[in-house]
Amino acid sequence: MAVQLRQVTIDNWEECISLKVSSEQKGFVASNMYSLVQSRYDTSYVPLAVYSDNQMVGFVMCGKDPEDGIYWMVRLMIDEKFQGNGYGRESVLKTIELIKGLPDCSPYIITSFVPDNITAAQLYQSVGFQETGEIIDGEKEARYYIQAPVH
């Protein structure tokens, strides 16, 4: 399975907003439509469509916090029809790879998730994110350390 992250453009934005999570997951992630509007007005966010071959299967959004210079993965969603096939994990790994390749990459990447979203917690932990114990806007914070933390 080869996953690619591609820009959301005038040619694919409608397909992007048609992607949906299952009804049990609706409270765990903002809609892609909301995320695209958010990225339009908060330009530090970069919305990306997740493709497997030429099929859009999901969406991620990342960006650099203008206040502290830390990169965030602020959204991850895989359409309900494609869940359980490893696309979420591959999307996270591709997002980490993308951020690590930036010249101003921060020493760690932050993500957050709804505490009840056990699937997200397991996914992030499996790729190396570590929960910090902090709660941000009602969500658990986790960090992926690009450079080992200094204690």
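Throughout, read-outs are computed from the coordinates displayed, never taken from laboratory work. Not measured: the values here are computed from a predicted model. Cβ coordinates were reconstructed from backbone atoms using ideal geometry, including for glycine residues, and neighbour counts include every protein chain displayed.
Ignoring trypsin sites (Lys or Arg not before Pro) that are buried or in helix or strand per DSSP, and keeping those with at most 15 other beta carbon atoms within 10 Å, what is the longest stretch of the chain between them?
Between exposed loop sites, the widest span is 27-151.
Given springs between every Cα pair under 10 Å in a Gaussian network model of the chain, which of Ile118, Ile96, Ile17 has the largest fluctuation?
Sorting by GNM fluctuation, first place goes to Ile118.
Going through the cross-link list Lys26/Lys140; Lys26/Lys100; Lys94/Lys140; Lys26/Lys64; Lys81/Lys140, which pairs have a Cα-Cα distance over 24 Å in this structure? The partial results should precede the final answer.
Values: Lys26/Lys140 17 Å; Lys26/Lys100 30 Å; Lys94/Lys140 22 Å; Lys26/Lys64 26 Å; Lys81/Lys140 26 Å.
From Lys26/Lys140; Lys26/Lys100; Lys94/Lys140; Lys26/Lys64; Lys81/Lys140, over 24 Å: Lys26/Lys100; Lys26/Lys64; Lys81/Lys140.
Looking at region 57-151, which GluC sites (Glu not before Pro) are in a loop (DSSP not H, G, I, E or B) and have at most 15 other Cβ atoms within 10 Å?
In loop regions of region 57-151 (DSSP not H, G, I, E or B), the sparsely surrounded GluC sites (Glu not before Pro) are Glu67.
By the gyration tensor of its Cα atoms, with a ≥ b ≥ c the square roots of the eigenvalues, what is the shape of region 3-145: rounded for a/c under 1.5, prolate for a/b over b/c, or oblate?
The shape class here is rounded.
Return a whole-number percent for the relative contact order of region 3-145, with Cα pairs under 8 Å and 6 or more residues apart as the contact set.
After rounding, I find 20 percent.
Sketch the reach of a paramagnetic label on Gln130 as a point 7 Å from Cα along Cα-to-Cβ, and name the residues of region 40-83 whose backbone nitrogen lies under 19 Å away.
70-73
Could you please state, rounded to a whole Å, how far the C-alpha centre of region 1-62 is from the C-alpha centre of region 76-140?
If we compute the Cα centre of each part, the gap is 14 Å.
Within region 101-129, find all residues whose amide N lies under 11 Å from a label point positioned 7 Å from the Cα of Asp137 along Cα-to-beta-carbon.
112-113
Pick out, from Gln4, Tyr71, Gly138, the residue whose Cα sits farthest towards the positive end of the charge dipole of region 3-145, with +1 on the Cβ of Lys and Arg and -1 on the Cβ of Asp and Glu.
Gln4
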